[in-house]
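These notes concern the structure reproduced below.
The values are calculated or read from the model by the stated rules, or taken from the named source; none is laboratory data. Keep in mind that what you see is a predicted model, and the values were worked out from it rather than measured. For neighbour counting, all protein chains shown are included, and Cβ atoms are generated from backbone atoms with ideal geometry for every residue, glycine included.
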Amino acid sequence: AQKITQTQPGMFVQEKEAVTLDCTYDTSDPSYGLFWYKQPSSGEMIFLIYQGSYDQQNATEGRYSLNFQKARKSANLVISASQLGDSAMYFCAMREGSDWSGGSNYKLTFGKGTLLTVNP
Amino acid sequence: DTAVSQTPKYLVTQMGNDKSIKCEQNLGHDTMYWYKQDSKKFLKIMFSYNNKELIINETVPNRFSPKSPDKAHLNLHINSLELGDSAVYFCASSQGRGVSNQPQHFGDGTRLSIL
């Protein structure tokens, strides 16, 4: 089973509108972290936002917010007021285990990504 | 003041050759990684080092050999390159133990093309 599922290969949004990118995850570990990264066409990987499994509130960073629904194992990224520069590939990733779990805790497991296109 | 820098950015070579990709981070992190991104943009961990110690080796062919001379550097050497090795290789770093919410910071990637 996939650990991270992003069901939307591509999404389109009009400039200035909000868009939600879906991410569901699968883990039996009670301690985990969820990350979103942006990869523009230039290729670099840019960290956007983090949500920990024990965090009580949804994470927010500027125009990015994370709709974290723990019981449903979903961590959707919401981008408000989309801009043309938001057009990029977006990856959801998970880090399982605590810092004392050993080596397996360190890696990020990525979803297949969602290509977001912002139309003017 | 680049945080994670990897060289070269592009690498074009022939099948059977041996090549290296270098990575350096100036963030003071103690953990470094190599990821491979295939033609479908799927990213997968290859290796991870924590304080120069190998902690993750994800069923990567032994033609790939990482080397960490110190905790700020993690190089990747690839022997006998094959067509299937064509991909973008990303180096990343993070602060390891004690701070689980720290993101991994990625380099700009090395695009390896095998002719």
Scanning the range B:89-115 residue by residue, those surrounded by 19 or more Cβ atoms within 10 Å (Cβ to Cβ) and of a type in the set (Val, Ile, Thr) turn out to be B:Thr110, B:Ile114
Evaluation of A:Phe91 against (1) assigned to a strand (DSSP E or B); (2) more than 11 Å from every other protein chain (Cβ to nearest Cβ); (3) modelled with pLDDT of 95 or more (one fails), failing number: (2)
Among what's in the range A:99-119 and is more than 8 Å from every other protein chain (Cβ to nearest Cβ) and modelled with pLDDT of 95 or more, pick the residue that is surrounded by the fewest Cβ atoms within 10 Å (Cβ to Cβ). A:Asn119
Pick out the one residue from A:Glu96, A:Glu17, A:Glu61 that is modelled with pLDDT of 95 or more, under 18 Å from B:Ser94 (Cβ atoms), of a type outside the set (A, V, I, L, M, F, W, C) and out of contact with any His (no Cβ under 9 Å at 6 or more places or on another chain). A:Glu61
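Only one of B:Lys41, B:Lys19 is in contact with a Leu (Cβ under 7 Å, 6 or more places away or on another chain) and of a type in the set (D, E, K, R). Can you tell me which?
Working: B:Lys41 fails: in contact with a Leu (Cβ under 7 Å, 6 or more places away or on another chain).
Being in contact with a Leu (Cβ under 7 Å, 6 or more places away or on another chain) and of a type in the set (D, E, K, R) holds for just one of B:Lys41, B:Lys19, which is B:Lys19.
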Within the range A:20-41, which residues are under 30 Å from B:Ser5 (Cβ atoms), at pLDDT below 95 and hydroxyl-bearing (Ser, Thr, Tyr)? A:Tyr32
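Between B:His77, B:His29, which is outside any loop (DSSP other than H, G, I, E, B), surrounded by 14 or more Cβ atoms within 10 Å (Cβ to Cβ), of a type outside the set (Val, Ile, Thr) and at negative phi?
Working: B:His29 fails: outside any loop (DSSP other than H, G, I, E, B).
B:His77 is the lone residue from the list that is outside any loop (DSSP other than H, G, I, E, B), surrounded by 14 or more Cβ atoms within 10 Å (Cβ to Cβ), of a type outside the set (Val, Ile, Thr) and at negative phi.
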Any pair with Cβ under 7 angstrom, 6 or more apart, that starts in the range A:7-21 at a residue that is without any contact (Cβ under 8 Å) to a residue 60 or more places away in the chain and ends at one that is surrounded by 12 or more Cβ atoms within 10 Å (Cβ to Cβ) and part of a loop (DSSP other than H, G, I, E, B): A:Thr7/A:Asp22
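Of B:Ser94, B:Ser113, which residue is more than 12 Å from the chain's Cα centre (by Cα), in contact (Cβ under 8 Å) with a residue 60 or more places away in the chain and within 12 Å of chain A (Cβ to nearest Cβ)?
Numbers: B:Ser113 fails: within 12 Å of chain A (Cβ to nearest Cβ).
After applying the criteria, what remains is B:Ser94.
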Evaluate the following for A:Asp29: is it touching a residue at least 24 places away in the same chain (Cβ under 8 Å), surrounded by fewer than 17 Cβ atoms within 10 Å (Cβ to Cβ) and assigned to a loop (DSSP other than H, G, I, E, B)? yes
Yes or no: the range A:51-58 includes at least one residue that is closer than 21 Å to B:Trp34 by Cβ, within 11 Å of chain B (Cβ to nearest Cβ) and touching a Phe, Trp or Tyr at 6+ places or on another chain (Cβ under 9 Å). no
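Residue-by-condition table, conditions (1) under 11 Å from A:Leu34 (Cα atoms); (2) out of contact with any Gly (no Cβ under 7 Å at 6 or more places or on another chain); (3) surrounded by fewer than 16 Cβ atoms within 10 Å (Cβ to Cβ):
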| site | (1), (2), (3) |
| --- | --- |
| A:Asn58 | no, yes, yes |
| A:Gly62 | no, yes, yes |
| A:Ser65 | no, yes, no |
| A:Arg72 | no, yes, yes |
| A:Asn76 | yes, yes, no |
| A:Ser82 | no, yes, no |
| A:Ala88 | no, yes, no |
| A:Phe91 | yes, no, no |
Among the residues of the range B:42-62, the number that are touching a Gly at 6+ places or on another chain (Cβ under 9 Å), free of Cβ contacts under 8 Å to residues at least 40 places away in the same chain and under 24 Å from A:Gln6 (Cα atoms) is 1
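Can we say B:Ser39 is touching a residue at least 40 places away in the same chain (Cβ under 8 Å) and either assigned to a helix (DSSP H, G or I) or surrounded by fewer than 17 Cβ atoms within 10 Å (Cβ to Cβ) (or both)? First the steps, then the outcome.
On the way: touching a residue at least 40 places away in the same chain (Cβ under 8 Å): yes; either assigned to a helix (DSSP H, G or I) or surrounded by fewer than 17 Cβ atoms within 10 Å (Cβ to Cβ) (or both): yes.
Judged against the criteria, B:Ser39 is a match.
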